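The values are calculated or read from the model by the stated rules, or taken from the named source; none is laboratory data. Keep in mind that what you see is a predicted model, and the values were worked out from it rather than measured. Reconstructed Cβ throughout: ideal geometry from the backbone, glycine too, with neighbour counts over all protein chains shown.
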Amino acid sequence: MSRIVLGVSGGIAAYKACEVLRRLREAGHEITVVPTENALRFVGETTFSALSGRPVASDVFTDASAIPHVRLGREADLVLVVPATADLLARQAAGRADDLLTNVLLTATCPVLVCPAMHSEMWTNAATRHNVATLRERGVVVLDPASGRLAGPDSGVGRLPEPAEIVAVAQSLLDGDVATHASGRDLSGLRVVVSAGGTHEAIDPVRFIGNASSGRMGVEIARAAALRGAQVTLVAAHVDVPPPSSVDVRTVDSTADLAAAMAEAVLRADVVVMAAAPADFTPRSAASTKIKKSGDEGLSLDLVQTPDILARLTATRPQGQTIVGFAAETIADESSLAEAGIAKLVRKGADLLVVNDVSDSKVFGMPDTSVLIVDAAGVLDRVTASKAVVAHRLLDAVVRHRATAI
Ligand code: CTP
């Protein structure tokens with residue numbers, strides 16, 4: 001359970017803060033809502049206090065003996081602002097303290113995540129760009145708004161990202177030391193391609209060969225890279241979790257589809273992460289009609305090996321491209337696991353490889369994992385944490401690798 005201050009400023013997207021609040025509460029967090037005066041024109045205090053199960057804190061002078069303007073920020077594990085209007089960003093960047101929310105933002109020592117939402121002209125205005133850059137320099141995590149329908153008939157950039165996305169980013173900031181990287185935008189200007197999920201190899205129109213991959217790890221890497229400023233393409237096979245709203249998604253079904261989509265997506269990529277679990281074998285040919293049972297006879301499948309996509313990508317990579325592979329092994333001993341990972345990295349020609357022990361189904365579909373990150377020379381990092389934190393540690397290794405390789 002973490003203590004979160006949910007600031008709400010006065011924009012039409014304020015109603016979506018209710019959904020963010022509901023989801024954070026369901027995840028077990030204690031949330032104090034701090035709306036601005038204008039936010040309360042959009043959503044009433046009763047709604048916020050009913051959803052949070054706590055009184056709403058909206059002004060500096062109510063209950064002044066408890067010093068809410070200092071206490072709330074000091075005691076929070078995360079301050080989250082949904083939505084952040086252009087005016088709120090300006091007041092925050094200027095260091096104003098003219099209402100309770102800006103006081104909380106000035107006193108917070110925990111990670112601060114702000115989620116701007118406004119009309120496109122306001123978002124792209126030089127004043128707002130400057131304010132966002134100032135806040136990022138100071139360590140504030142600013143989630144880029146999405147493109148899509150805005151208030152009224154307009155559409156464009158400036159839309160609040162989906163509540164599920166905001167909650168996923170908020171959770172990653174609570175999980176570990178992620179805020180510095182997310183605010184520092186150290187992947188700005190880089191194109192990152194990430195594959196995720198397990199492929200399906202058709203046996204007939206209703207059956208397929210699949211695997212236990214949930215795609216969570218790849219999705220977290222895509223989210224983390226986008227948060228750090230990269231332009232991200234997620235090539236998603238079958239994934240059990242929604243893709244981040246900030247990335248370009250291409251969906252694929254089989255290993256052959258994945259191979260084709262990756263070959264195209266990586267052409268101009270700086271970093272490629274093969275987190276997908278392609279099937280190693282596929283039926284020689286899929287039946288065009290449903291295979292029927294015949295008496296009590298079994299069924300034999302004629303399987304052929306699929307191409308090794310990672311090995312192909314490393315063999316044909318453009319200069320300067322960093323390629324990361326994954327290996328799921330059933331080896332409990334750490335040094336044997338590292339050895340197997342390094343051998344696979346060398347065999348496939350990857351620069352970095354994330355290797356983990358998947359014995360006892362302790363990884364698939366779980367939010368947490370335990371991995372080694374290796375290069376050809378040895379173990380670079382060992383991490384046991386949420387997949388979001390592992391994603392950031394992997395990206396740290398990528399940044400270090402590129403700094404020494406270029
Ligand atoms: N991979 C791939 N194409 C395949 C199979 C795997 O690109 N047809 C990639 C995975 O995305 C991962 C890495 O190769 O990044 C290692 O996957 P893994 O299944 O562990 O490798 P295999 O080649 O199947 O190794 P082995 O069966 O020898 O363990």
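In the set (1) out of contact with any helix residue (DSSP H, G or I) (no Cβ under 7 Å at 6 or more places or on another chain); (2) on the phi < 0 side of the Ramachandran plot, residue 215 fails one condition alone, (2). Which one is farthest from residue 109 (Cα to Cα) among residues in the range 123-175 that are over 13 Å from the mean Cα position of the chain (by Cα) and polar (S, T, N, Q)? Looking at residues that are over 13 Å from the mean Cα position of the chain (by Cα) and polar (S, T, N, Q), I get 155. From the list 337, 310, the one residue that fits, being within 29 Å of residue 240 (Cβ to Cβ), in contact with a Leu (Cβ under 9 Å, 6 or more places away or on another chain) and either within 10 Å of the ligand (Cβ to nearest atom) or assigned to a helix (DSSP H, G or I) (or both), is 337.
If you go through the range 126-156 and keep only what is under 19 Å from residue 11 (Cβ atoms), of a type in the set (D, E, K, R) and assigned to a helix (DSSP H, G or I), you end up with just 129. The residue pairs whose first member lies in the range 206-217 and is without any contact (Cβ under 8 Å) to a residue 24 or more places away in the chain, whose second member is surrounded by fewer than 20 Cβ atoms within 10 Å (Cβ to Cβ), and whose beta carbons are closer than 8 Å, counting only pairs six or more residues apart or on different chains, are 208/202.
Considering only residues that are of a type in the set (Val, Ile, Thr) and assigned to a loop (DSSP other than H, G, I, E, B), look in the range 259-305 and name the one that is farthest from the ligand (Cβ to nearest atom). Quick ask: steps written out before the conclusion?
Kept after step one, since they are of a type in the set (Val, Ile, Thr), are these residues of the range 259-305: 266, 271-273, 282, 289, 291, 304.
Those left that are additionally assigned to a loop (DSSP other than H, G, I, E, B): 289, 291.
Details: 289: 28, 291: 25 Å.
Within the range 259-305, the match that is farthest from the ligand (Cβ to nearest atom) is 289.
Cβ-Cβ contacts under 6 Å between residues 6 or more apart (or on different chains), taken from a first residue in the range 283-311 that is under 11 Å from residue 203 (Cβ atoms) and among the aliphatic types (A, V, I, L, M) to a second residue that is in a loop (DSSP other than H, G, I, E, B) and away from the ligand (no atom under 16 Å from the Cβ), are listed as 287/204; 291/204. For the range 72-79, the criterion of being farther than 28 Å from residue 231 by Cβ, small (Gly, Ala, Ser), assigned to a helix (DSSP H, G or I) and in contact (Cβ under 8 Å) with a residue 24 or more places away in the chain is met by at least one residue.
Out of 324, 346, 358, which single residue is within 16 Å of the ligand (Cβ to nearest atom), of a type outside the set (Lys, Arg), modelled with pLDDT of 95 or more and surrounded by fewer than 21 Cβ atoms within 10 Å (Cβ to Cβ)? I'd like the intermediate steps shown before the answer.
Working: 324 fails: surrounded by fewer than 21 Cβ atoms within 10 Å (Cβ to Cβ); 358 fails: modelled with pLDDT of 95 or more.
Criteria check complete, one pass: 346.
Residue 31 passes every criterion in (1) over 23 Å from residue 75 (Cα atoms); (2) not in a loop (DSSP other than H, G, I, E, B) apart from (1).
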